[in-house]
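Q: Attaching a single structure in structure tokens format; questions to follow.
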Amino acid sequence: MFLNSLLALFSNDMGMDLGTANTLVYVKGQGIILFEPSVVAISKGTNKVLAVGNRAKEMLGRTPGHIMAIRPMRDGVIADFEITEQMLRSFITKVHHRRAWVHPRMVIAIPSGVTEVEKRAVVDSAERAGASEVYLVSEPMAAAIGSGLPIDEPAGNMIVDIGGGTTEVAVISLSGVVLSQTMRIGGDEMDEAIIQHLRRTYNLLVGERTAEEIKMRIGSGFPLEEELKMEAKGRDLVSGLPKTVTVSSEEVREALSEPVNAVVETVRDTLERTPPELSSDLVDRGIYLTGGGALLRGMDKLLASATDIPIHVTEDPLTTVVMGTGKILDELSVLKEVLISRHHFA
Ligand SMILES: Nc1ncnc2c1ncn2[C@@H]1O[C@H](COP(=O)(O)OP(=O)(O)O)[C@@H](O)[C@H]1O
Ligand SMILES: [Mg+2]
């Protein structure tokens, strides 16, 4: 008992957003101290982890034959428990400057579609990585708390979280998720749509990172006041040589329309299933848009025109969920009811 409280003194409780694209860690009293891609580079054959996070993402698409870069959380399912665990361990160790004896309490936000088995795997991984108590919270709930929404009131709030591998739409009232939908379409599919477009239109082969850069710089969901252009570099599929083409925001918007419209359809579908009292709340309060995909130009305008409901983009869409886990840590006793599962270190 004494040892436990002594350990608690030295431990830095942390909140984590275990996203399909990015992992963020918030430490009590310090703020967000880690923001890295959820990527692990492993050596084929031995399965040894070579790099995690930023260093591993740099290797994506640039790896020699014996190295493989993996995104264990991609598509919102924990594709590989062991690799997820190594990734968690590596991030936790980094946060604690390799003081392996620290046993933090952790609040981890996970996609709402994950199964019981996957939840168990996250809790086990976090414990084996050194956490003393692990609390799980669904991402939309963490996002709602992170955006400062009054989740405990008997009124409907809608969160739309467009991540890398998934988009989640949830209606929250009285500290509970009334209904939610998870769709395996997000920023990754947008990148893929740009790759396909460049291949078909220009015989130009570009990598995921280039496609993502094009999306961020000139991508959009709604006509821009001033349309944009940029140069895209890749390899000519015919000659095999490096090639540069100029792409316009109009053609990128057209290329993105399929994944973008799929997101819009999911939001409309969720609205149709929302109980009438709550949907009238949404008309007054608006819909909260978060996740990296909320940064796509005009995504808010497109959703507003498709739903006739005001759209609010959260203050910093990439950090909303982790800030929510931080708020939960600060008020663990008050907010316990929002946690979907908890587990104590025996
Ligand atoms: N400015 C931007 N415009 C469009 N998409 C963006 C922008 N910034 C980030 N993204 C995309 O957001 C996604 C990552 O969002 P994030 O919320 O971190 O995902 P996850 O929660 O699944 O880890 C990536 O697909 C990334 O390309
Ligand atoms: Mg997320």
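Q: Quick one: in the range 114-142, which of the residues that are closer than 17 Å to residue 38 by Cβ and within 12 Å of ligand 2 (Cβ to nearest atom) is most open to solvent (accessible area, probe 1.4 Å)?
A: So the residue we want is 139.
Q: Please state which of the following conditions residue 214 fails to meet, knowing it meets all the rest: (1) at pLDDT 95 or above; (2) closer than 30 Å to residue 149 by Cβ; (3) not aromatic (Phe, Trp, Tyr).
A: Among (1) at pLDDT 95 or above; (2) closer than 30 Å to residue 149 by Cβ; (3) not aromatic (Phe, Trp, Tyr), residue 214 violates only (2).
Q: I'd like the residue in the range 145-170 that is small (Gly, Ala, Ser) and away from ligand 1 (no atom under 15 Å from the Cβ) and, out of all such residues, is surrounded by the fewest Cβ atoms within 10 Å (Cβ to Cβ).
A: So the first thing to find is which residues in the range 145-170 are small (Gly, Ala, Ser), and the list is 146-148, 155-156, 163-165, 170.
Right, trim to away from ligand 1 (no atom under 15 Å from the Cβ) and you get 148, 155-156.
On the way: 148: 14, 155: 18, 156: 21.
By that ranking, first place goes to 148.
Q: Kindly list the number of the only condition in (1) more than 21 Å from residue 142 (Cα to Cα); (2) more than 16 Å from ligand 2 (Cβ to nearest atom) that fails for residue 285.
A: Failed condition: (1).
Q: Looking at the range 152-263, what strands (runs of 3 or more DSSP E) fall wholly within it and have at least 2 residues that are under 28 Å from residue 114 (Cβ atoms)?
A: Of the strands (runs of 3 or more DSSP E) lying wholly inside the range 152-263, those with at least 2 residues that are under 28 Å from residue 114 (Cβ atoms) span 157-162, 167-173, 176-183.
Q: Turning to a different aspect of this structure: Taking the range 290-312 as the region of interest, how many residues are within 11 Å of ligand 1 (Cβ to nearest atom) and not charged (D, E, K, R)?
A: Within the range 290-312, residues that are within 11 Å of ligand 1 (Cβ to nearest atom) and not charged (D, E, K, R) number 9.
Q: From the list 277, 265, which residue is touching a residue at least 24 places away in the same chain (Cβ under 8 Å) and either open to solvent by 30 Å² or more (accessible area, probe 1.4 Å) or in the same structural domain as residue 216 (by TED's automatic domain parsing) (or both)? Give the derivation first.
A: On the way: 265 fails: touching a residue at least 24 places away in the same chain (Cβ under 8 Å).
Among 277, 265, only 277 is touching a residue at least 24 places away in the same chain (Cβ under 8 Å) and either open to solvent by 30 Å² or more (accessible area, probe 1.4 Å) or in the same structural domain as residue 216 (by TED's automatic domain parsing) (or both).
Q: Looking at (1) under 21 Å from residue 299 (Cβ atoms); (2) among the aliphatic types (A, V, I, L, M); (3) exposed (fewer than 15 other Cβ atoms within 10 Å of the Cβ), find the lone condition where residue 228 falls short.
A: Here residue 228 meets the rest and fails (3).
Q: Right, next: Consider residue 181 against the criteria (1) open to solvent by 10 Å² or more (accessible area, probe 1.4 Å); (2) more than 27 Å from the chain's Cα centre (by Cα): it satisfies all of them except one. Which criterion is unmet?
A: With (1) open to solvent by 10 Å² or more (accessible area, probe 1.4 Å); (2) more than 27 Å from the chain's Cα centre (by Cα) applied to residue 181, the lone miss is (2).
Q: Filter the range 42-71 down to the residues that are in a loop (DSSP other than H, G, I, E, B), under 15 Å from residue 212 (Cβ atoms) and open to solvent by 50 Å² or more (accessible area, probe 1.4 Å) and list them by number.
A: Residues satisfying the conditions are 61, 62.
The values are calculated or read from the model by the stated rules, or taken from the named source; none is laboratory data. Predicted model only: the values in this text are computed from it and were never measured. Here Cβ is always computed from backbone atoms with ideal geometry, including for glycine, and neighbour counts include all displayed protein chains. Protein only, heavy atoms only, side chains kept; ligands, DNA and RNA dropped before computing areas. Shrake-Rupley method; radii C 1.70, N 1.55, O 1.52, S 1.80 Å.
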